[in-house]
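In what follows, a structure is listed as structure tokens, so that the remarks can point back to it.
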Amino acid sequence: MRKLIILLLCCGVLVSMVGCGDNTAPPPTESPPTMVSETVITETPTETTPPVTAVEPTEKEKESVPTESADQTTEPTTTATEPTTTAKTKEKPKATETSKPTEPSAAEKPKKNGCITIVETDDPPTEEIIIPPKPSADLVAQKVAEYINQFRTEQGDVTATVIPGLTEYCKYRCTQLKTKFAHDTTDQRAAAEALQYGEYVDWSLYGIEGEENYYTANVREAIGKGNWGGTADEIAYSIANGFRNSKGHWSYVGSSKYTYMAVGVMYDGYYWYVCVCMDSENTDLK
């Protein structure tokens, strides 16, 4: 019995040694095998092979492919996306309101109020300032003479009589003042000779030969120049009042010694030129 047990034990040891022969551990020089799962985790992807990322479908893509269960009847798939503008049927462009010719309503029509044009609309009112034209030079000259006589009357002197011949002489002098603003005797004589106005001086009557005869107005002259603005009445008042406030000019313009007067006025686009002539005699009769 004891021999049988020992025999069985020896057989078992032999069998176990034969069955485990292939599982012998590899020589210590060999590296342990790498697990596949560990290799995948430790590898770092290169830039040339980026990891695939899941793309989330957009809302329109979700709508374009509806999901159905397997037991439902399949119907033709229709896209839920809207057609592009190129796929739409072209319609004729509608004319905009700005291209339609419109006429201003009664509330929008401009209304003239003196020198200001007021345009009435729903928006806050706008004003267009229109510069009035300059008044006529003759009207200004007439009013200058009226104001001079008014000032003469206020100080107790008699009014001066305006004579037409001397008025034309004053107008001519204004054209000369534009190029030379001065009391120039040569220009004064040239104005009288051009109009053949005033006293004609004949040297032969004085026994003098060889001298050139000439015309002379022989009047007292006051001249002015300025950029006055306003109406004819306002400009005339500024001119006449300027002479009144000038002691030298008013000594003869406002003097009762000179009872004849003439005024000439000219406007050159920027300046007003004025010439006032006073005489104690009627120069038109010389």
Entirely in the stretch 138-248, the strands (runs of 3 or more DSSP E) that have 2 or more residues that are at pLDDT 95 or above and within 16 Å of Tyr258 (Cα to Cα): 220-226
It is to be established whether one or more residues within the stretch 198-212 are over 30 Å from Gly156 (Cβ atoms), open to solvent by less than 20 Å² (accessible area, probe 1.4 Å) and not aliphatic (A, V, I, L, M). yes
Do you know which of the residues in the stretch 243-285 that are small (Gly, Ala, Ser) and farther than 16 Å from Cys174 by Cβ is surrounded by the most Cβ atoms within 10 Å (Cβ to Cβ)? Gly254
Please verify whether the stretch 164-177 includes one or more residues that are open to solvent by 50 Å² or more (accessible area, probe 1.4 Å), more than 16 Å from Glu234 (Cβ to Cβ), without any contact (Cβ under 8 Å) to a residue 24 or more places away in the chain and β-branched (Val, Ile, Thr). no
Scan the stretch 213-226 residue by residue and report those that are open to solvent by 80 Å² or more (accessible area, probe 1.4 Å) and within 41 Å of the chain's Cα centre (by Cα). Lys225
Just a yes or no: is a residue in the stretch 242-253 within 17 Å of Thr283 (Cα to Cα) and among the basic types (Lys, Arg)? no
Check on Ala160, of a type in the set (A, V, I, L, M), more than 23 Å from Thr231 (Cα to Cα), crowded, with 19+ Cβ neighbours inside 10 Å and touching a residue at least 12 places away in the same chain (Cβ under 8 Å): yes
Which of the residues spanning the stretch 185-230 are closer than 12 Å to Cys170 by Cα and either without any contact (Cβ under 8 Å) to a residue 12 or more places away in the chain or of a type in the set (Val, Ile, Thr) (or both)? Val219, Ile223
Meets criteria (under 28 Å from Asn227 (Cα atoms) and hydroxyl-bearing (Ser, Thr, Tyr)) for Tyr200: no
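The values are calculated or read from the model by the stated rules, or taken from the named source; none is laboratory data. It should be emphasised that the depicted structure is a prediction, and the values quoted were computed from it without experimental measurement. So basically every Cβ, Gly included, is an ideal-geometry build from the backbone, and we count neighbours across all protein chains shown. All accessible areas refer to the heavy atoms of the entire protein, side chains included, with ligands and DNA or RNA removed. Shrake-Rupley method; radii C 1.70, N 1.55, O 1.52, S 1.80 Å.
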